[in-house]
Amino acid sequence: MIKKFLDLGMQPLANKFLTKKDLIKKKIENSYYLEVGFDTKTKLVSILHTISSKKMFDGKYPYRASMSKTMLNSFSKLADRINRKFNPKKIMEIGSNDGAFIKNFNKKNVIGVEPCSNMANITKKKGYKTYADYWNIKLAKKIKLNNKNVDLIYSANTLSHIQDLDSVFKSIDIVLPDDGVLIIEDPSLLDCFKKISYDQFYNEHIYVFSLLAISIFIKKYKLEVFDIERLSTHGGSLRYYIKRYKNKKFKVNKNVHDQLKAEVKFGLNKYKTYLKFKSNVKNSKKKLREIFNKIKKNNKTIIGYGSTAKVCTVLAYCKIKSGTLDYFLDTTPNKVGKYMAGSHIYVKKYTKPLTDEADYVFLGAWNFKKEIFKKEKKYIKNGGKFITHIPFPQIINK
Ligand code: DWN
């Protein structure tokens with residue numbers, strides 16, 4: 001039974017940036033009701049109204065994983081680990097984006113699957129075999145036929161975007177050999193709740209997974225998690241190492257039991273925890289609005305840093321109007337010069353470390369705080385102030 005616990009109101013499609021022409025033409029922007037529910041039986045946490053993948057993941061998808069050093073480092077470290085631990089013959093990545101992960105491997109030993117054709121073209125141009133398609137049974141059969149030796153499947157920040165998880169795992173079942181390894185990573189529900197990062201919920205993020213939910217779900221495919229890694233990426237993620245029951249090569253690591261225990265201890269198996277989260281989110285909204293209102297009342301300026309999909313949720317939910325922030329800075333070529341969905345805040349190209357652009361800088365990319373603060377150490381040293389809503393709304397400069 002799915003029990004609703006969070007109502008984030010009407011939300012635009014976070015990655016649908018608008019052009020100036022769109023604004024002049026008053027292009028109609030669709031918005032969708034964003035509610036989140038907890039399935040008391042399966043423990044899956046998902047948004048309740050989903051939008052077709054084709055509407056979100058098309059040839060104009062702007063997000064590029066390679067725009068962050070943190071992600072590049074994380075993928076390169078994982079590539080080393082994979083080679084050391086599993087020595088795979090061939091790797092397949094589901095959701096290869098702009099190749100931030102696959103570029104760590106020899107072109108002969110890796111293939112990508114990426115439905116956003118603009119992203120797939122980037123890796124194709126670099127010579128990586130890339131299937132520009134959605135991950136499904138038809139594609140899995142085609143891949144199996146053409147790439148018999150795939151023995152490791154990896155997918156980061158992708159499965160949480162696909163509604164039909166049964167189709168996902170049936171398709172994996174076609175490609176994964178008996179002794180193969182599946183590695184998936186996605187934002188962790190435990191971190192999301194601890195950090196009150198309600199902005200992990202937006203139309204692209206259909207699920208925010210816990211180990212609890214993943215373990216239950218994959219049982220029907222006779223799969224089990226045998227190892228996990230807790231990652232700091234994307235605000236706290238879990239990397240799940242999965243194998244078939246019949247694969248006795250790997251033992252289930254103690255950290256799997258520890259994580260399950262931690263999730264149960266926190267109460268991720270109980271609806272009342274979700275109601276507590278709801279109340280935390282409401283307080284977060286109130287506090288953030290107070291901070292913004294006070295700053296604007298004092299005629300101070302605010303700009304944003306990182307026009308993330310996540311920050312779209314925050315702006316729409318907290319009803320922060322476009323005039324409140326002068327613009328967002330971002331490094332992503334496909335976002336720069338455009339306007340953010342919903343709020344229509346302009347995205348300006350990030351060209352150099354901050355100096356005195358504004359009185360306050362709102363950290364849209366809060367999940368890269370460490371990387372950003374390193375880059376902006378001079379600004380911080382000179383008293384520059386950031387606003388963050390994680391784990392609770394506050395003004396920070398360290
Ligand atoms: O799941 C998803 C994740 C992986 O990426 C997708 N559904 C969409 C996207 O979500 P997001 O937009 O919230 O992701 P990020 O990675 O938090 O976005 C960071 C943004 O900040 C990018 O637009 C790049 C920008 N950025 C920047 O301008 N300067 C990032 C860093 C680190 C910087 O120094």
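Considering only ARG84, ARG230, ARG64, the mean-square fluctuation computed in a Gaussian network model of the chain, springs between alpha carbons under 10 angstrom, is largest for ARG84. Result for the chain in a Gaussian network model with C-alpha springs under 10 Å: among ASN136, ASN106, ASN334, the largest mean-square fluctuation is at ASN106. Placing a pseudo-label 7 Å from each Cα along the Cα-to-Cβ vector at ASP133 and LYS54 gives an inter-label distance of 1.6 nm. Between ASP133 and GLU114, the built amide H atoms are under 5 Å apart, and every one of these is 5 or more places off in sequence or on another chain. Think of each Lys and Arg Cβ as +1 and each Asp and Glu Cβ as -1; about the Cα centre, that makes the dipole of the chain roughly 420 debye.
Could you list, in their original order, any pairs among LYS124/LYS144; LYS85/LYS144; LYS335/LYS381 whose Cα atoms are separated by more than 22 Å?
Pairs exceeding the cut-off: LYS85/LYS144; LYS335/LYS381.
Within the full protein context, the accessible area of THR50 is estimated at about 50 Å² for a probe radius of 1.4 Å.
Only protein heavy atoms count here; on that basis, with a 1.4 Å probe, LYS194 has an accessible area of about 120 Å². Residue separation of LYS385 and SER31 scaled by 0.36 nm, minus their Cα-Cα distance, works out to 124.2 nm of gained length.
Per-residue ellipticity at 222 nm, computed for the chain from helices alone with -39500 (n - 2.57) per DSSP H run of at least four residues, works out to -10000 deg cm²/dmol. Taken about its Cα centre, the range 152-307 carries a charge dipole of about 1040 debye when Lys and Arg each add +1 at the Cβ and Asp and Glu each add -1 at the Cβ. Using heavy atoms of the protein chains and a probe of 1.4 Å, the accessible area assigned to SER215 is about 30 Å².
With r defined as the distance between the Cβ atoms of ASP166 and LYS265 and R0 fixed at 30 Å, what FRET efficiency is calculated, to the nearest 0.05? It comes out at approximately 0.50.
Local charge for ILE47 was computed over the other residues whose Cβ lies under 13 Å away, with Lys and Arg +1 and Asp and Glu -1, and equals -4. With a cut-off of 8 Å between alpha carbons and a minimum separation of six or more residues, what is the relative contact order of the chain in percent? Over the chain, the number comes to 17 percent. Under 5 Å from the amide H of LEU6 lie the amide H atoms of VAL36, each residue being 5 or more positions distant or on a separate chain, with H modelled from the backbone and absent for Pro and chain starts. Modelled this way, with points 7 Å down the Cα-to-C-beta line, the labels at ASN255 and GLN394 are 2.8 nm from one another.
Over 19 Å between Cα atoms, which of LYS294/LYS385; LYS20/LYS310; LYS194/LYS270; LYS170/LYS219; LYS16/LYS297 qualify? Beyond 19 Å between Cα atoms: LYS20/LYS310; LYS16/LYS297. In terms of its Cα atoms, the range 89-198 spans 43, 31, 22 Å along the principal axes, sorted from long to short.
Placing unit charges on the Cβ atoms of the charged side chains and taking the dipole of the chain about its Cα centre, the candidate lying farthest along the positive direction among ILE295, PHE201, TYR240 is ILE295. For PHE328, the amide hydrogen comes within under 5 Å of the amide hydrogens of GLY304, TYR346, VAL347, LYS348, counting only partners 5 or more places away or on other chains and with H modelled in the peptide plane. Highest mobility in the GNM of the chain, judged by mean-square fluctuation with C-alpha springs under 10 Å and restricted to LYS286, LYS54, LYS25, is found for LYS25. Translational diffusion of the chain, estimated by Stokes-Einstein from the Kirkwood radius over alpha carbon pairs at 10 °C in a medium of 1.306 mPa s, is 72 µm² per second.
In this Cβ point-charge picture (+1 for Lys and Arg, -1 for Asp and Glu), the range 195-266 has a dipole of about 660 debye about its Cα centre.
Neighbours of LYS254, meaning other residues whose beta-carbon lies under 14 angstrom from its beta-carbon, give a summed charge of 0 when Lys and Arg score +1 and Asp and Glu score -1. Determine which residues of the range 338-357 fall in the zone a paramagnetic label at LEU23 would reach in this model, i.e. backbone nitrogen under 17 Å from the point 7 Å along Cα→Cβ. Output list for this probe position: 338-350. Just to confirm my numbers, what's the Cα centroid distance between the range 38-93 and the range 186-237 in Å? Spelled out, the Cα-based centre of one part sits 11 Å from the other.
The values are calculated or read from the model by the stated rules, or taken from the named source; none is laboratory data. What you see is a predicted model, and the numbers here were worked out from it, not measured in a lab. FYI the Cβ positions are ideal-geometry reconstructions off the backbone, even for glycines, and counts take in every protein chain you see. Side chains are part of the model used for accessible areas, which takes the heavy atoms of the whole protein and leaves out ligands, DNA and RNA. Shrake-Rupley method; radii C 1.70, N 1.55, O 1.52, S 1.80 Å.
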